[in-house]
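Reading through the structure tokens given below for one structure.
All of the numbers you see were taken from the coordinates with simple rules; none came from a lab. Computed from a prediction, not measured in an experiment: that's the story for all the values here. Heads up, the Cβs are rebuilt from the backbone with ideal geometry, glycines too, and the neighbour counts pull from every protein chain shown.
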Amino acid sequence: MLSTILKDIFILPDYDGSRASVSFTAPEGCTVVQWEIFDAAGTNVAQGNLDTRESKQVCFGVSMIGFKPWNINTPYLYALKLLLIVNGKPVEVSETFGMRKIHVDGGQIYVNNKSFCVRGYIRGRDAHEHPNFEKLELEEYYAKNIRAAKRYGFNYIRFHSRVPLEECFIAADKLGMFIHIEIRDYFGKYQKERSMMNDEGELISKEKWAEVILKYRNHPSLMVYCMGNEIRHPGTNPQVAEISNITKELDPTRLFIDTCAHGEFDRNNVDIDVQHMSYYYPFGKDHDMFDHTYNWYIYGSAKGVALVKKGGVDAGSYKITRSLMAKHPIIAHEVCHYIAMHDLDTLDEKFKRFGIEKPWWVDELKKLIEVKGLKQDYRQMLAASKHFQFMSWKLAIEAARRSPLLCGYHFLQFSDTARYENSNGIVDCFDDSKGVDEEAFLRFNCDTVLLADLPRRTFFEGEIVRIPVLASHYSPEINGDRAQFRFTLESKEDDSVCISGVLGDILLNRRGRIEIANVEIELPKVDEPKALELTCELTGVGGSYNVSNSWNLWLYPDRPDMLNAVACTIEMDEVNPSLRYHQIRSKGSLENPEQLLMVNRFSKEVLMHLDHGGDVVMLYRVPQTRDRKVRAKREAYTLPATWDRFKAVIWDRGTNCGAFMRDSGALAGFPNDGYVDLQFHGLIDDCDKVILDDFPCHVEPVIQGVDKAVRDRYDVYTYGLSEFQPEWVMRKFGYMFELRVGKGRLFVTGFNFTGLHNGRPETCAMFESIMRYVTGDSFKPKTKMSAEELQVYLLTKGKQSLAKDRKMTQFWQLNDTPLESDRYWKDAEEYLAQ
């Protein structure tokens with residue numbers, strides 16, 4: 001802790017020279033300084049005396065030959081003890097320090113001359129912070145959080161718009177955790193923080209900046225000085241250079257950055273860069289989203305270089321986009337802020353146990369669950385949302401670690417906040433476990449991780465699958481060892497599929513991103529769909545270490561002719577099953593259909609067919625669901641639905657927090673573990689997710705989707721809607737459900753079946769499973785309603801105003817740009833006003 005008498009004391013470690021230097025300004029009246037350095041065991045390793053009568057600027061060097069370094073895994077601390085004689089009286093000063101070196105070179109961050117992968121998480125700003133509810137001693141309050149984070153593999157804390165208390169640095173010094181601080185004042189309201197200037201007309205007070213550096217620079221855990229969050233155009237602001245120069249003068253041992261995100265890619269005066277890598281979802285077409293610089297074009301060039309040129313005439317147009325190269329080591333900004341449901345009962349009990357007033361949203365969410373009739377479903381909703389959240393974390397972190405651009409990421413966030421209702425933490429707002437498996441998380445968030453580049457997870461029999469396998473390698477325990485690589489692909493429930501291979505002499509002689517191998521597998525024939533697991537392992541000689549990771553895959557038969565022929569009438573806009581299944585030919589008409597009618601919208605003919613005892617397979621897909629993209633004619637018979645994406649909810653963007661299944665023969669040909677996983681990607685992305693909130697009878701969907709339980713921030717900021725809005729929050733979604741309507745049977749799903757045309761495996765498998773079910777003996781819907789009742793409901797909905805998703809969710813649905821533009825916000829607001 002910085003001495004009150006020696007306000008500028010600086011212990012400067014020279015890692016390469018095995019030395020340390022100590023400097024400070026001696027106080028008036030100081031005549032003698034006696035100094036000693038002790039190791040962690042309390043052994044004196046160096047000592048000396050200085051006469052300070054002639055000069056108050058004290059500086060002395062200390063030999064540290066044979067020192068033990070401070071690092072994340074070995075946080076070894078030394079203690080400097082000073083005895084000053086001031087006006088004839090002894091004054092004792094003590095400072096701890098660590099021997100460590102931080103520098104950048106060639107696009108990488110180095111700690112103690114070894115490349116370092118930032119596995120950071122975010123605290124600080126109110127939205128990302130949690131109070132000391134347990135009233136722990138302050139050092140223990142921070143230490144509890146750090147210990148928990150290290151168990152999940154994190155090595156760095158970014159304090160968003162904050163400088164933490166000294167006790168945080170003390171805990172981090174002792175436990176081994178790097179700290180990133182942001183010194184610029186935070187004004188309290190999200191949008192005001194975007195302002196470039198404070199009240200004094202500058203980004204930050206230079207006096208305050210210097211004060212913070214002097215106070216904390218002896219803590220070995222301090223790694224990064226940052227001015228603030230999402231400051232616009234820092235590369236052309238002259239104050240950035242001034243602040244950078246002050247930093248290097250007062251502390252040349254740390255890294256400096258002006259802003260986390262929104263900075264120009266080619267700016268000077270910074271050591272590292274934190275860049276927003278988009279709001280896409282790291283799977284399918286965007287599996288490599290962290291490999292691209294498309295977001296950087298938004299913020300332009302600090303040099304004034306044109307990044308995009310457009311032109312052309314009526315005969316044709318063109319666009320030229322400059323290729324961008326990273327000038328500094330790049331860390332991904334605010335990744336993984338995927339949310340889940342809260343365990344409200346457990347949280348409520350915990351607040352009561354500690355005698356703390358619970359946040360307002362706890363009881364409000366409980367009321368909302370009651371109002372929506374979801375109390376019986378909530379445990380399943382909670383489990384489904386956690387499953388989807390963990391799956392998304394794994395996808396995103398693995399994609400970031402595969403990236404050749406990145407040297408780390410800032411995870412948003414490790415601990416839940418209590419201020420807002422978002423549950424995007426690994427642990428709760430008490431830093432206690434929420435049940436996230438530590439070992440499973442470490443498989444993709446530890447020092448060395450194996451990575452398989454798998455942009456898709458569903459395959460047909462006989463396909464040849466090519467899988468690049470990489471390692472993100474930063475483990476100090478694995479250094480130059482030769483390893484054996486093994487892969488295994490096996491079915492989860494039986495031994496029908498078991499393929500494995502071995503390759504020896506894999507050399508891990510450097511840190512960073514290492515290409516290990518390319519695995520090519522010809523998938524076997526299977527008589528029925530199979531859930532598979534791919535496992536990759538690296539094992540050291542003699543079993544000295546083992547690194548493993550695994551991924552779910554699904555394998556389906558590719559035998560369209562095995563689906564039984566059935567007499568049916570097909571009336572659908574975008575989907576024609578007959579293109580793949582030649583034995584399924586449409587006969588009859590909508591007015592005079594076969595027993596089985598397959599349609600994508602409701603009409604009076606569909607309802608009449610049901611009333612008379614016909615069967616209807618409703619593959620619901622209508623243009624008005626995508627009205628935000630292309631204005632559409634209203635459906636006279638409207639089944640309320642929202643435009644869905646296979647993307648986890650990002651803070652308050654989106655509607656997909658996973659889904660859970662109920663037992664049904666409709667899924668007999670579609671392996672699942674009871675929750676939506678990646679085998680549903682092609683079915684959910686761009687689908688019509690049915691809203692069952694006010695459906696006229698109680699429906700228990702075969703597949704029930706989980707909506708977010710958070711408010712859209714712009715409903716609060718722009719429209720003054722500070723409470724939960726039931727129309728847009730925690731809706732009861734049905735991906736698949738069935739009803740007996742009149743004398744007939746109705747099977748409804750809004751899944752996207754356009755993938756039938758290009759033979760998407762999961763789409764074909766789901767279609768075949770549904771068709772076998774609805775044409776078999778087990779299709780016996782339990783819930784009943786009259787055709788007239790259903791007709792009244794659908795016509796009423798058709799006359800009501802179109803239910804439009806809110807501003808943040810519209811962006812998530814469009815999914816066509818990496819980040820919201822100014823034009824987007826205007827369009828979203830105009831759309832809601834129409």
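Its Cα gyration tensor gives the stretch 730-834 an equivalent ellipsoid. The semi-axes, each the square root of 5 times an eigenvalue, are 34, 23, 10 Å from largest down.
Given q = 0.10, 0.11, 0.13, 0.14 Å⁻¹, what are the Debye log10 I(q)/I(0) values for the stretch 408-504, with equal point scatterers placed on the Cα positions and solvent ignored? With one equal scatterer per Cα and no solvent, log10 I(q)/I(0) is -0.48, -0.57, -0.76, -0.85. By the Stokes-Einstein formula, at 1.567 mPa s and 4 °C, the chain with its Kirkwood radius over alpha-carbon pairs has D equal to 44 µm²/s. Taking the stretch 238-258 and a reference point 7 angstrom along Cα→Cβ of His103, the backbone N atoms nearer than 17 Å belong to 248-249, 251-256. Take the Cβ-Cβ distance between Glu364 and Asn672 as r, set R0 to 30 Å, and report the resulting FRET efficiency rounded to the nearest 0.05. E(calc), rounded to 0.05, equals 0.35. A Förster radius of 41 Å, combined with the Cβ-Cβ distance separating Asp16 from Ser544, puts the computed FRET efficiency at roughly 0.90. Summarised in one figure, the compactness ratio Rg/Rh of the stretch 481-555, Cα atoms and Kirkwood Rh, is 1.04. Against the chain, whose longest principal axis is taken from its Cα atoms, helix 378-402 shows a tilt of about 60°.
For the stretch 638-688, a Kirkwood radius taken over Cα pairs fed into Stokes-Einstein (10 °C, viscosity 1.306 mPa s) yields D = 129 µm²/s.
Here the stretch 30-153 is assigned +1 on the Cβ of each Lys and Arg and -1 on the Cβ of each Asp and Glu. Its dipole about the Cα centre then comes out at about 440 debye. In terms of overall dimensions, the stretch 557-599 has a Cα radius of gyration and Dmax of 10.7, 36 angstrom. Report note on the peptides 564-577, 657-670: ranked by the mean count of other C-beta atoms within 10 Å, highest first, their order is 657-670, 564-577. Roughly how many whole Å is it from the C-alpha centroid of the stretch 67-102 to that of the stretch 679-736? With the stretch 67-102 and the stretch 679-736 each reduced to a Cα centre, they are spaced 56 Å. Against the main long axis of the alpha-carbon atoms of the chain, helix 166-175 sits at an angle near 80°.
Extension gain, Lys525-Arg585: 0.36 nm per intervening residue step, less the Cα-Cα distance, totals 18.8 nm.
Each other residue within a Cβ distance under 13 Å of Val469 adds +1 if Lys or Arg and -1 if Asp or Glu, for a net charge of 0.
Using a simple spin-label model with pseudo-atoms 7 Å out from Cα toward Cβ, Ala315 and Ala440 lie 6.1 nm apart.
For the listed peptides 11-23, 394-406, a ranking on the average number of other beta carbons within 10 Å per residue, highest first, reads 394-406, 11-23. Between Ser63 and Asp481, the FRET efficiency estimated from the beta carbon spacing at R0 = 35 angstrom works out to 0.55. Size descriptors for the stretch 283-389, from the alpha-carbon set: Rg then Dmax equal 24.2, 73 Å. Compared with the dominant principal axis of the Cα atoms in the chain, helix 206-216 is inclined by about 80°.
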